[in-house]
Amino acid sequence: MMTETTQWIKLGKISKFDEGVTSIRKKRKNFAILKQDGQIVQVIQDNCPHNPRILISDDYLIENNMITCQFHGACFDLSDGSKVSGPGKSKVLLTYEFRISNTDNLEILLES
Ligand code: FES
């Protein structure tokens, strides 16, 4: 029987991430890092739960703290990842607990 464990993994230096949204791939997963006024405000999965396509692309839309998938219009609340509208059975876009270490390192808590 396998057991799930969690561990903090480093995504990178906050100072290196763009203001707005940065997409990054680590541990064979896609993440989107949302940065506002120099602070990290959220880390989400960068795949749409409806159909695992990349969520952040040239046509993504963030408005009123909601992100809308360009493919079929699923809309998620960025504060907790809950689906507001759109297709698919999955009701949530994964969000990750994060912390800052050594003043500039962004780390997220990831299950493995
Ligand atoms: S792939 Fe995102 S709504 Fe369908």
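Some points to look at:
- The set of residues from the stretch 93-103 being out of contact with any strand residue (DSSP E or B) (no Cβ under 6 Å at 6 or more places or on another chain) and surrounded by 11 or more Cβ atoms within 10 Å (Cβ to Cβ) comprises just one member, ILE100.
- In the stretch 78-90, the residues that are more than 22 Å from PHE17 (Cβ to Cβ) and either touching a helix residue (DSSP H, G or I) at 6+ places or on another chain (Cβ under 6 Å) or away from the ligand (no atom under 13 Å from the Cβ) (or both): SER82
- Residue in the stretch 49-65 that is surrounded by 12 or more Cβ atoms within 10 Å (Cβ to Cβ), modelled with pLDDT under 95, part of a strand (DSSP E or B) and within 15 Å of the chain's Cα centre (by Cα) present: yes
- Verdict on GLY73 being surrounded by fewer than 16 Cβ atoms within 10 Å (Cβ to Cβ), more than 16 Å from the ligand (Cβ to nearest atom), more than 23 Å from ASN102 (Cβ to Cβ) and touching a residue at least 12 places away in the same chain (Cβ under 8 Å): no
- Exclusive hit being touching a strand residue (DSSP E or B) at 6+ places or on another chain (Cβ under 8 Å) and either closer than 25 Å to LYS10 by Cα or more than 16 Å from the ligand (Cβ to nearest atom) (or both), set LEU61, LEU110: LEU110
The values are calculated or read from the model by the stated rules, or taken from the named source; none is laboratory data. All of these numbers come straight from a predicted model, not from anything done at the bench. Cβ sites come from the backbone with ideal geometry, for glycine too, and all protein chains shown count toward neighbours.
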